[in-house]
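Have a look at the structure below, then the notes.
The values are calculated or read from the model by the stated rules, or taken from the named source; none is laboratory data. As the structure is a prediction and not an experimental result, all values here were calculated from the model. Every residue, glycine among them, receives a Cβ derived from its backbone with ideal geometry; neighbour counts consider all protein chains shown.
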Amino acid sequence: MNAPRLTDAQISQALGAHVPDRAPAGLRERITGAVQTTTQQRPMPSLVVRATALGGLRRAEGSRPNRWTLVLVAAALVTLLAAAAIFIGSQRPALLSIQLDVSPTPAVTPTAHGSPTPPAVASTKLSWTKLALGEGSPQVAWLGDQFVLVDEDSGAVRTSTDGVSWHVLQPGDPDPGYAELLKGKFATWQDNVVGWWNPEEGTVGIANKPPITARDILRIVRPPAAPTVTTPWKGRIGSLAVGPKGIVAQVHSHLDWDAWVTTKLGPNWVSHYTGVDYKNGILKIGMDNGPGLNVVWADEGFLPGDYQDAGFGWYSPDGEQWTLMPAVPPSPDGDGVRGFLTGFGDVVGVSDGFIARGIDTACTSENGCAGMWFSSDGLTWRNIGNVPGGSDGLLLQWMGGALVTDGVGRFDFWTSEGLSELPMAEEVLAALTQPNPASGTPSGAAFGTGPLGLVTVSMDDQEVLVTRDGVDYRIQPMPAAMAADQANSRARPSVIVGERSVLVVLWSGTYEAPIPSLWRGTLEP
Amino acid sequence: MGALIRAADAAMSVDDALVSRARTGDAGAFGVLVDTRIDRCYRLAWSILSNDADAADATQDALVAAWRQLPRLRDTSAFDGWLNRIVANAALMARRRRVRLREVSVSPAYPGEEAPQPEPAQDPLARTPMDDVVDNDALGRAFDRLRPKDRMILVLHHVEERPVAEIARSLGIPVGTAKWRLHAARGALEKAMEAEA
């Protein structure tokens, strides 16, 4: 909380002034002169026919499947699996011991946040109360079946199922390591929490040499068992999902290969460098003073995909045994840098597997396109659609599927069957202030999903959107005092959605002395 | 809106045609491509090297290398991302060479140099300390202290205003990784600002 918070506008303005606007005079002539005396390299004739099958996976931009059909199918699936979950819930012990079943039969509820039986109340009207908050740096989350509030400064931990009664964790209480979990990032499915962070995070600073590669630490919480801590990969986690089928992690190396090659060839290798090529897990450094260097990536403890940091994926059914995802074919342009897991950026667990969002490399939209992928086993993936601008917004678990949303206008609901826009989307789009499309400035909205549904707090409109299913929704004004508590533009609100209540952290004060406020919204009967 | 899209499509097809002609050895077509991209390439190289002369050399190396390798580019619409990678690689290699030579950049001392002009008076009530830090190029100095890869992604996003998805394509990384890198770079910048604030 001590680092200064810079706005996008400040960074753009300052860097725009700092970085030269134009190339120096004469450079253009130098280049064109050099081009005149440089011979182009013609490729050798190839017997390999370029694969075009990838195009068959793409849909035309903007086309979308029958949304209502998908909503109805998803709703039916949710109902069916919820009934199964009620039965299973009645058979299982009170505290779920993780059994991440890879058998074809769904074993758990499709709801994404640990609520086997959706709350019986249908109301979406919230009444708001400001809570006394002693913490200077509160971190709040809904983990399993309770709110967890951690004060980063003191390490104090409180838990509450309703946001009304809070239990302060005492020495000797079972502690799944919440304080550490909330320092980093985490993913949840029912009672299972998988958190990750990097102990070197604070040391990879300006004054310190960055590590060639770093290991993220993974903490798996499975009440009532004690948490386990592992470092399964040499690399950092870009995204991680936990679901009924297990855990999927997208990992990249954070590798400074340039510095690393120097450790192999010495400091003068650049003087004789002629080119670099990476194929089939072998990095070939071309040199003009010898045969060069072939580095077998696997022999050095790295994985194919580390080079250019394209990333790689892991799957585990239980958090203990991990399997590397098989590589997908390289991209058609053959440059070798987009091959592995091109379509795999963010990932979430869904009721029947995993949904990932990545790049559609053939996208021609100016704003890029998201490629959406589904896997039922965490290892093999199929494309379920590509959408222009789909990289906008967050990918969240919701209703047993995945929601791509900015909280105010984009509500793309994805299941293994494909895309469906939530029915409320068009009306909400008109009702709430939208991000500025010209500047890309996000709206002043924060949102979250949980067992209660999707909740958006729009500070621009001073209103709160609540929906359980994306069909019915309510937009209600927030109390004036609540709106006044978000007076610090340098810190964004956060919204944590529980089963019957919502917690919202707002910020006022100055940059040097930000003041948090905690508001609780409780469902009215 | 439709007109804008048509104009963008037209510009894209013109660029594709130029790239196609340049691939077959048309230096004039390549010259037009250089004209419209040289400033951007230079800024990208400068973001890594923080030095005018080195950035100019790296830009020249990269564009000549692009000309040489252009016949190997199969997808003409991928030209810009491909060019970004060549520029970035050229600048990173130039930086390594510079490190080998142990060049030391000496900041001008005030005696004998032009003294910095004081900032014009501002309404203190309307401004925050961070605004002053931004204005007096403290952010620029903090930026100079970042790792080249952090500087590069910040410039691509905040100066060149490239969407994250396009940056990801340029760097050959997933969008999630690009977002993570951008977030990390921003965090590093804010951390560097602490020393300047």
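For region A:163-182, the set of residues classified as of a type in the set (Gly, Ala, Ser), within 27 Å of A:ASN198 (Cβ to Cβ) and in a loop (DSSP other than H, G, I, E, B) consists of A:GLY177 only. Here A:PRO329 meets each of (1) within 14 Å of chain B (Cβ to nearest Cβ); (2) modelled with pLDDT under 65 with one exception, condition (1). Taking the criterion of being facing chain A (nearest Cβ under 9 Å) and closer than 18 Å to B:LEU156 by Cα, the residues of region B:64-86 that qualify are B:ALA78, B:TRP82, B:ARG85.
The number of residues in region A:148-162 that are in contact with an Asp or Glu (Cβ under 9 Å, 6 or more places away or on another chain), of a type outside the set (A, V, I, L, M, F, W, C) and assigned to a loop (DSSP other than H, G, I, E, B) comes to 5.
Of the residues making up region A:470-492, those that are within 20 Å of A:LYS125 (Cβ to Cβ) and not aromatic (Phe, Trp, Tyr) number 13. When you scan region B:114-128, do you find a residue that is modelled with pLDDT of 75 or more and of a type in the set (A, V, I, L, M), even just one? No, that holds for no residue.
Within region A:180-195, the only residue that satisfies the criterion of being more than 15 Å from A:GLY144 (Cα to Cα) and of a type in the set (Gly, Ala, Ser) is A:GLY184. Of the strands (runs of 3 or more DSSP E) lying entirely inside region A:367-442, the ones with 2 or more residues being among the small types (Gly, Ala, Ser) and at pLDDT 85 or above are found at A:401-405, A:418-421. Scanning region B:47-56 for residues that are surrounded by fewer than 24 Cβ atoms within 10 Å (Cβ to Cβ) and either within 8 Å of chain A (Cβ to nearest Cβ) or within 18 Å of B:LYS149 (Cα to Cα) (or both) returns B:LEU49, B:SER50, B:ASN51, B:ASP52, B:ASP54, B:ALA56.
Checking every residue in region A:486-498 against the condition of being without any contact (Cβ under 8 Å) to a residue 24 or more places away in the chain, more than 28 Å from A:GLU426 (Cα to Cα) and away from chain B (no Cβ under 14 Å) gives zero matches. Within region A:273-293, the set of residues being farther than 16 Å from B:ASP61 by Cβ and outside any strand (DSSP E or B) comprises A:ASN280, A:GLY281, A:ASN289, A:GLY290, A:PRO291, A:GLY292. For B:ASN89, the requirement of being in a helix (DSSP H, G or I), modelled with pLDDT under 80, more than 8 Å from chain A (Cβ to nearest Cβ) and surrounded by 15 or more Cβ atoms within 10 Å (Cβ to Cβ) is met. Hey, does region B:146-156 have a residue that's facing chain A (nearest Cβ under 7 Å), at pLDDT below 75 and over 20 Å from A:ALA9 (Cβ atoms)? Checking region B:146-156: not a single residue is facing chain A (nearest Cβ under 7 Å), at pLDDT below 75 and over 20 Å from A:ALA9 (Cβ atoms). When the criteria are applied in full, A:ASP485 meets the requirement of being farther than 15 Å from A:LEU422 by Cα and of a type outside the set (A, V, I, L, M, F, W, C). The set of residues in region A:120-144 that are at pLDDT below 90 and of a type in the set (D, E, K, R) contains only A:GLU135.
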